[in-house]
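Engineer: Have a look at this one before I ask anything.
Taken together, the values in this text are just the output of simple stated rules run on the coordinates, not laboratory data. Because the structure is predicted, anything quoted here is derived from the model rather than measured. Quick reminder, even Gly has a Cβ in these numbers, built from the backbone with ideal geometry, and neighbours come from all protein chains shown.
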């Protein structure tokens, strides 16, 4: 076919197309690399910030302890609020008292302790707390739903004794529940909700660990630790 | 034209050349335009942010940050500013500028004292920040009048007031002391009394009646009176009239039970029995023992008045002490806190704290319990809220030229 003068243009031959395609692929790859690099950098910046704040909270609590400053739930809440305002991060410090509860998840073999992200402690009244555990573990490739009810323990302080009620276990796994080194109830949970409703009494064994939990608002990075003040 | 086998090759046609030129142009263009920006976005800001965090961390680890904060606590702002500037100049590269802030305008430091830094800071294209937390005394003036008549008292007061930012007026001249107790602060309107606390750790003298009357008025209507055992012992027989409250009363003590036990060379201790009061609160707890020892130490057996018992609280008591020859039976009271029981003057609040011992002695003469005694006394003197507050230390950094 013969083209008129006003219809003339560039004919993309097969060879030219072969050269253009890899070039386009290279450019697309380049943009992807830039995007990934940007995300990694943002992640590093957030991780730095969270880590430095977590470490600094540990330093401040030790300073307060060494300098006879009152360490109680009020001052720790004030400390957390100051960090929240100054850094924009979500910061929780305390409560002061943590009973050494932990669970051993039989199905996966992992242990989850009070004072970590796998146990949320809430006050349930004077001398009463709920220790809400999560039995799934991100460290072994699971996706925890953080519904914190595998198991949920009601802990009541009665003189020198703790009364523990297993209020709930809403999951398919089974766990052993420990208080310090003492197994207080084995093979709890599962689809049959084994031992849910049971009540156990143990002697109180207080520790003075102060949990620190720092994370960015999107939950990209998190920092957990526990400051031990009294052995 | 035909080629032999060994002459075959790739023919670079005109359209291929054009395509290659276009593709190369586009790639180089993207590389030049986006590359620098992308590289900076990935690494430049991260580097800037790490400059800030690493600089603060370095200052923390070397102790420079603590020294700067201590200068601020002592209200020595010039030294704090010079030290902060010198440290940050050493740590940060020349093309990185900074603004270092402690608390709410307590300290602001730029790389130099030249004007124009604030404008540079506000117009900086990008800022990276790092934050640490400091613990500082309250900013407002807290004035204390202290009767210090020997070196032990003076050393004790130095330790108590260290890094607190308090304004302490020290004297051992009774005429001056008497006139200062009820002094007015004419710099504020309406006028307020000048001092918030009067501290007499161990006054081994009998104050005249006017001095004592002023102390009583102060403790009833104006502020906090903190005294040690010796002070009350030497002023236990008041010259006041029956219609005037006496010194022991404003300290929450029943006169009938004032006594002094014999010297005892055994080490003993003070046990906290109430950890709800700000003087003996955390880290102290019920049954906490503060050691008390000295070569010639005294304890006293003052005990609260029954009539004002509802506002008087025993915060700590002595342990393992000898019986006081019929005066009172152990356990003897260690720290007595008397809360407000009559209306204060101009919204003020009158309270009293009595330490049933020679207060300065154990803290200074012995290594035992020193920090405890200093902490108890410091908390007793400062009653106007928390002794300290959290304040952020923030370092901003940005790239830019210096201000000449």
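Engineer: Need one value for A:164-172: mean number of C-beta atoms belonging to other chains within 10 Å of its residues' C-beta atoms.
Structural biologist: 0
Engineer: Further question: Give the calculated FRET efficiency between residue B:141 and residue B:210 to the nearest 0.05, with a Förster radius of 22 Å applied to their Cβ-Cβ distance.
Structural biologist: So the FRET efficiency works out to roughly 0.20.
Engineer: Between the alpha-carbon centers of segment B:371-404 and segment A:50-69, tell me the distance in whole angstrom.
Structural biologist: 14
Engineer: Shifting gears a bit: Add -39500 (n - 2.57) for each DSSP H run of 4 or more in chain A, then divide by its residues: what number comes out at 222 nm, to the nearest 500 deg cm²/dmol?
Structural biologist: Result for chain A: -10500 deg cm²/dmol, rounded to the nearest 500.
Engineer: Give me the percent of Cα-Cα pairs in segment A:114-231 that sit more than 20 Å apart, rounded to a whole number.
Structural biologist: Summing the P(r) tail past 20 Å for segment A:114-231 gives 46 percent.
Engineer: Sorted by packing (mean other beta-carbon atoms within 10 Å per residue), highest first, where do B:134-143, B:183-192 land?
Structural biologist: B:134-143, B:183-192
Engineer: At 0.36 nm per residue, and after removing the present C-alpha to C-alpha distance, how many nm does the segment from residue B:30 to residue B:184 gain when stretched out fully?
Structural biologist: Residue separation times 0.36 nm, minus the Cα-Cα distance, leaves 47.9 nm.
Engineer: Also: When chain A is modelled as a GNM with alpha-carbon springs shorter than 10 Å, which of A:27, A:91, A:196 fluctuates the most?
Structural biologist: A:27
Engineer: Going by alpha carbons, how many degrees (0 to 90, nearest 10) lie between the helix axis of A:14-66 and the longest principal axis of chain A?
Structural biologist: The two axes meet at around 20 degrees.
Engineer: For the residue pair residue B:14 and residue A:126, what label-to-label distance in nm results when each label sits 7 Å from Cα along the Cα-to-beta-carbon direction?
Structural biologist: 9.8
Engineer: Here's a follow-up. Based on the mean of other Cβ atoms within 10 Å per residue, sort peptides B:72-82, B:118-128 so the most packed one is first.
Structural biologist: The packing order, highest mean first, is B:72-82, B:118-128.
Engineer: Roughly how crowded by other chains is peptide A:41-54, in terms of the mean Cβ count from those chains within 10 Å of each of its Cβ atoms?
Structural biologist: Mean shielding count: 4.
Engineer: Take the Cα atoms of segment B:87-237, find their three principal axes, and give me the spread along each one in whole Å, biggest first.
Structural biologist: Sorted from largest, the Cα extents of segment B:87-237 read 73, 37, 24 Å.
Engineer: Specify the angular offset, from 0 to 90 degrees and rounded to the nearest 10, of the alpha carbon long axis of helix A:73-87 from the longest principal axis of the alpha carbons in chain A.
Structural biologist: Approximately 10 degrees, to the nearest ten.
Engineer: Determine the relative contact order of segment A:49-156: mean sequence separation of Cα pairs under 8 Å and six or more apart, normalised by residue count, in whole percent.
Structural biologist: With pairs under 8 Å counted, the relative contact order is 14 percent.
Engineer: Expressed as a rounded percentage, what relative contact order does segment A:101-207 have, with Cα pairs under 8 Å and six or more residues apart?
Structural biologist: 23
Engineer: Picking from A:135, A:176, A:145, which is most flexible by a Gaussian network model of chain A using Cα springs under 10 Å?
Structural biologist: Judging by the Gaussian network model, the answer is A:145.
Engineer: Can you give the average number of partner chain beta-carbon atoms within 10 Å of each beta-carbon in peptide B:376-389, as a whole number?
Structural biologist: Mean number of neighbouring Cβ atoms from other chains: 1.
Engineer: Now for a separate question. Of A:69, A:136, A:19, which has the largest mean-square fluctuation in a 10 Å C-alpha GNM of chain A?
Structural biologist: A:19
Engineer: Taking only the alpha carbons of segment A:90-178, what extent do you get along each of the three principal axes, in Å, biggest first?
Structural biologist: 40, 31, 18
Engineer: Points 7 angstrom from Cα along the Cβ direction at residue B:191 and residue A:165: gap in nanometres?
Structural biologist: Computed distance between label sites residue B:191 and residue A:165 equals 6.4 nm.
Engineer: Right, here's the next one. What is segment B:88-222's relative contact order, in percent, from Cα pairs under 8 angstrom and six or more apart in sequence?
Structural biologist: Result for segment B:88-222 is 21 percent.
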